[in-house]
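Since the structure comes first, as C-alpha cells, the remarks are kept for the end.
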Amino acid sequence: MKVFYSDAHLAHQPRYYFPEGGQTEPFLETPERAECVVSVLHKADWAEVVPPEEFGLEPILSVHSAPYLDYLRTAYAEWQSCSPIEGQAFIPGSYTIDRQMVLTGNVPEQTGFFLMSVHVPVTAGTYTAALAAAQCALSGAQAVAQGQRAAFALCRPPGHHAGREICGGFCFLNNAAIAAQWLSGQGKVAILDIDYHAGNGTQDIFYERPDVLTVSLHANPDREYPNYAGYTHETGAGPGAGYHRNYPLPVGTDDSLYLHTLNEALDLIANFDPAHLVLSAGMDIYKDDPLSDFAITHPGIVEIGRSIASLNLQTLVVMEGGYNVEALGKNVVALLVAFV
Ligand SMILES: [Zn+2]
C-alpha cells in the first residue's frame, strides 16, 4: 500500500490553543502525531512510504474559495507586519458574518470570518503544511484511480472540519474533500468519516451534491465539537437531499455499539454503489484518546477496518484526528492492515 507523506507538515507547529474554558493549553495537533505514524509504517513490509506528487492549486480551488486560500497564504505575514509577536499564532478577538466586509477588509476582519473557532492558530508555516497535506490526499486519490486497492494519505494538519471557506478544529484545507472532488470526475464517491468529531467541513462542501455521499459517525455534537453540525436531521439539501447522513453517538460508545452503527452506514454506502470510497480516519475514537469519551478498543479498531474493507471498494484512507501519540501508530496500522 502506498503511503503518501511529506515532512512539510513540520512547518506547522502552533505552540498553544484555547480549548473550552478559555485556558491556554499546549497545542494537541503536534508534528509527533504524523512522525509516530510514519515511523510505525516504515516498519510494515506492506507499506511503501513515498512523497506526494504536485497537483498545483487547481484541485484545491475546486473545493475552497480563492479568497480563503489567499487568506491562508498571506494572513500570518500581514499580521506580523502590523503587530509582530515572534513565534505566536494569530487568533481573532472579534468575529463577523459579513462576507463583503471580509473581502474588502484586512487580516483582523478576515480572520474573524474565515476561522470558525479558536482551534486553528495560523502560523508562518501553516499554509505550506496544509498545501502539502492536500497534495498527499490528491496523490492517494490518483493511486486509487489508477487501480490500487487502497492508499493512505498521511495528512497533517487534518482536514474534515474545514469547509469551503472556513477553518476550524485544527483543520485548514479539507484533504478528504479535495481528494473526493478529484475522484468524482471518475464516478460517484462516498466519504465515510469515522473521526470522533462530526465532519462538518466535508458535510458543508458536498451538502447539495447527489454524486458524493457523505456519512459521518461521531460523538453527538450536543456535547462535542463542532456543536452546530452533525445532527440526524441534517440529510443534505437541494439535489443533495438524502445524500448526507449523520450518526451521533453517546458517551461511552463501545465496540459493539460502534460496529452495529457502522454496519448501518456501510449498508448505505453499498446501496449508493460508489466508484470510490474516501475514508476520513480519525483515531480519536480510541478509548484512551485525550479528546474521546468513547470506549473503542484496539481490537475494535481492527474490526472497524475489516468491516469497511469488506465493502470491497477502492479506498483512499485520509488521516484526520487522533491525539494519543503513543497509541496512534498502532491504531492506524490496525485500521489499514484490513486493506492489504
Ligand atoms: Zn477529531
- Message: I need the full set of residues from the stretch 44-63 which are farther than 24 Å from residue 332 by Cβ, in a loop (DSSP other than H, G, I, E, B), in contact with a helix residue (DSSP H, G or I) (Cβ under 8 Å, 6 or more places away or on another chain) and not hydrophobic (A, V, I, L, M, F, W, C), in order please.
- Response: 54, 62
- Per the list (1) surrounded by 17 or more Cβ atoms within 10 Å (Cβ to Cβ); (2) away from the ligand (no atom under 16 Å from the Cβ), residue check on residue 280 breaks on (2)
- Query: Which residues, counting only those in the stretch 160-173, are assigned to a loop (DSSP other than H, G, I, E, B) and within 11 Å of the ligand (Cβ to nearest atom)?
  - Reply: 160, 161, 169, 170
- Qualifying residue in the stretch 235-248 (condition: of a type in the set (S, T, N, Q) and touching a residue at least 40 places away in the same chain (Cβ under 8 Å)): yes
- Query: Looking at 211, 222, 195, 204, which is the one that is within 15 Å of the ligand (Cβ to nearest atom) and of a type in the set (Asp, Glu)?
  - Reply: 195
- Query: With 292, 307 as the choices, which residue is outside any strand (DSSP E or B), within 15 Å of the ligand (Cβ to nearest atom) and small (Gly, Ala, Ser)?
  - Reply: 292
- Filter result for the condition that a residue is free of Cβ contacts under 8 Å to residues at least 12 places away in the same chain, surrounded by fewer than 24 Cβ atoms within 10 Å (Cβ to Cβ) and either within 16 Å of the ligand (Cβ to nearest atom) or farther than 30 Å from residue 287 by Cβ (or both), over 125, 147, 185: 185
- Of the conditions (1) part of a loop (DSSP other than H, G, I, E, B); (2) away from the ligand (no atom under 16 Å from the Cβ); (3) closer than 17 Å to residue 60 by Cα, the single one that residue 155 does not satisfy is (2)
- Just for the stretch 20-60: of the residues that are touching a residue at least 40 places away in the same chain (Cβ under 8 Å) and among the acidic types (Asp, Glu), which one is surrounded by the most Cβ atoms within 10 Å (Cβ to Cβ)? 29
- Task: Run residue 265 past the list (1) touching a residue at least 24 places away in the same chain (Cβ under 8 Å); (2) more than 21 Å from residue 177 (Cα to Cα); (3) out of contact with any helix residue (DSSP H, G or I) (no Cβ under 7 Å at 6 or more places or on another chain); (4) not hydroxyl-bearing (Ser, Thr, Tyr) and report the number of the one that doesn't hold.
- Result: (2)
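Coordinate-derived values only; no laboratory data. No experiment lies behind these values; they were computed from the predicted model shown. Backbone-built Cβ (ideal geometry, glycine too); neighbour counts: all protein chains shown.
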